[in-house]
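Inspection log for the structure reproduced underneath, given as structure tokens.
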Amino acid sequence: MTASFLRQYDATALDRRQIEKILGPATGYYYYDNNPAYFVGPDTVTSIHGKGYLWVFEANQTNGRIERVHFVPEVK
């Protein structure tokens, strides 16, 4: 899911609504409702956000444009 998405799209050229249209409703939460976040990977990985890697699309709070994409915890 993640590799395929990243090959096809430049996430920072999208906004929150476009991300959710492509990936569906968020399955996780990252500090603000306007940051789409999705749990991916094995549930043996944990963080303060839950089980699995949290794939985060940090959006500008004013215009919804994606400014940063990352995983929590960081993928090594």
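The numbers here are math on the coordinates, done by the rules we state, and not lab data. The shown structure was predicted, so the numbers you read here are calculated from the model rather than taken from an experiment. Cβ: placed from backbone, ideal geometry, glycine included. Neighbour counts: every protein chain shown.
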In nm, what is the difference between 0.36 nm times the number of residues separating residue 22 and residue 63 and their Cα-Cα distance? 12.9 nm
Suppose each label sits 7 Å from its Cα in the direction of the beta carbon; what would the residue 7-residue 76 distance come out to in nanometres? 2.7
Students often get this wrong, so try it: which of (1) 3, 17, 29, 27, 16, 7, 1, 0; (2) 3, 17, 26, 24, 14, 8, 5, 2, 1, 0; (3) 3, 12, 20, 22, 18, 12, 6, 4, 2, 1, 0 is P(r) over Cα pairs in 5 Å bins from 0, in percent as calculated from the structure shown? (1)
Is there a quick way to get the dipole size of the chain? I mean about its Cα centre, with the Cβ of Lys and Arg at +1 and of Asp and Glu at -1; what is the value in debye to the nearest 20? 120
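Quote the relative contact order of region 2-72 in percent (integer), defining contacts as alpha-carbon pairs under 8 Å separated by 6+ residues. Write out the running numbers ahead of the final one.
Numbers: 125 pairs, mean separation 20.5, N = 71.
It rounds to 29 percent for region 2-72.
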Cut-off 10 angstrom, C-alpha nodes, Gaussian network model of the chain. Which of 37, 13, 26 fluctuates the most? 13
Residue by residue through region 51-62, the couplings from Karplus 6.51 cos²θ - 1.76 cosθ + 1.60 with θ = phi - 60°, in Hz, x for Gly and Pro, are 8, x, 6, 9, 8, 10, 10, 6, 9, 4, 6, 8
Taking other Cβ within 10 Å of each residue's Cβ, how do 21, 76 sort, fewest first? 76, 21
